[in-house]
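To start, the structure under review is shown below, and the notes come after it.
The values are calculated or read from the model by the stated rules, or taken from the named source; none is laboratory data. Every value quoted in this text rests on a predicted model; they were computed, and no experiment measured them. In this analysis, Cβ positions are derived from the backbone assuming ideal geometry, glycine residues included, and neighbour counts consider all displayed protein chains.
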Amino acid sequence: MADLSLPPDYPPGHDLLAGRRVLITAAAGTGIGFAAAKRCVEEGALVLISDIHAARLTEAAARLEAQAKGRVVAQRCDVTVQDDVDALFATAGDAFGAVDVVINNAGLGGTVNLVDMTDGQWAKVLDVTLNGTFRMTRAAMQAMRGKGGVIVNNASVLGWRAQQGQAHYAAAKAGVMALTRCAALEGAELGIRVNAVAPSLAMHPFLAKVTTEELLSKLKAREAFGRPAEVWEVANVMVFLASDYASYMTGETVAVSSQRA
């Protein structure tokens, strides 16, 4: 019997995205975005990665280029700046001709109780996490209009569930879920599918740096498997939603969690 408290073996690619042109935000570093980019490359996609951190982005592109079947393109983008978003899609057009899949991974968290939260702390999280997803989704739908495509948003189980100190992040992620549903209805008329994933706890080095060990232990204990997800386990679901296997799904938020959402 499989021991579900241990991560499974990393699965091989099956060309689920062969020839697809994929744009991913916040794809530098060690988190879900880079894992999604790596999985898309392994599934045969041409990938454009973006991030606000230029040095980490260059390093991430080099790592992906080493295993890619095609070219990996990288461009810095701040999703809170419309000009950056426009330039990102222009680069995608120049590099690939069009975009078939957009994965909106950019988001910003932080822990502060609402009673102590400043307007600036609230606004910054909302601008990156919700407004940034709106800007990217709007640009993606404009670019895909007339030919179709897929948008996959990164939400969170906190869009459904409460956690102390996370009012701004939870509100932003609930907004991403609502945006996903509404965009999906409009997208259906344009041949565009829009879905989201909602991870519970996906472990990577950056999360460990900004979260206390005490909180991580509590969150792990809530998971049925007694462990956090590997970032690539979340990325696998993103790939599924981007692929033809999810052809009848739109407006859905899929929990990537081993607990009841």
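The figures follow:
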| read-out | value |
| --- | --- |
| For residue 44: the one exception among (1) on the phi > 0 side of the Ramachandran plot; (2) touching a helix residue (DSSP H, G or I) at 6+ places or on another chain (Cβ under 8 Å) | (2) |
| Criterion: among the β-branched types (Val, Ile, Thr), part of a helix (DSSP H, G or I) and more than 23 Å from residue 93 (Cα to Cα) - qualifying residue of 133, 137, 180 | 180 |
| Conditions (1) modelled with pLDDT under 75; (2) more than 17 Å from residue 9 (Cα to Cα); (3) surrounded by 15 or more Cβ atoms within 10 Å (Cβ to Cβ); (4) not aromatic (Phe, Trp, Tyr): number failed by residue 215 | (3) |
| Of all residues in the stretch 99-130 being assigned to a helix (DSSP H, G or I) and among the β-branched types (Val, Ile, Thr), the one that is surrounded by the fewest Cβ atoms within 10 Å (Cβ to Cβ) | 115 |
| Verdict on residue 136 being among the hydrophobic types (A, V, I, L, M, F, W, C), crowded, with 20+ Cβ neighbours inside 10 Å, at pLDDT 95 or above and in contact with a Ser or Thr (Cβ under 8 Å, 6 or more places away or on another chain) | yes |
| Residue list for the stretch 183-212, restricted to those being loosely packed, with under 14 Cβ neighbours inside 10 Å, part of a loop (DSSP other than H, G, I, E, B) and at pLDDT 95 or above | 189, 191 |
| Every pair of residues 6+ apart whose Cβ atoms lie under 7 Å, when the first sits in the stretch 1-25 and is farther than 24 Å from residue 144 by Cβ while the second is loosely packed, with under 13 Cβ neighbours inside 10 Å and not acidic (Asp, Glu) | 5/226 |
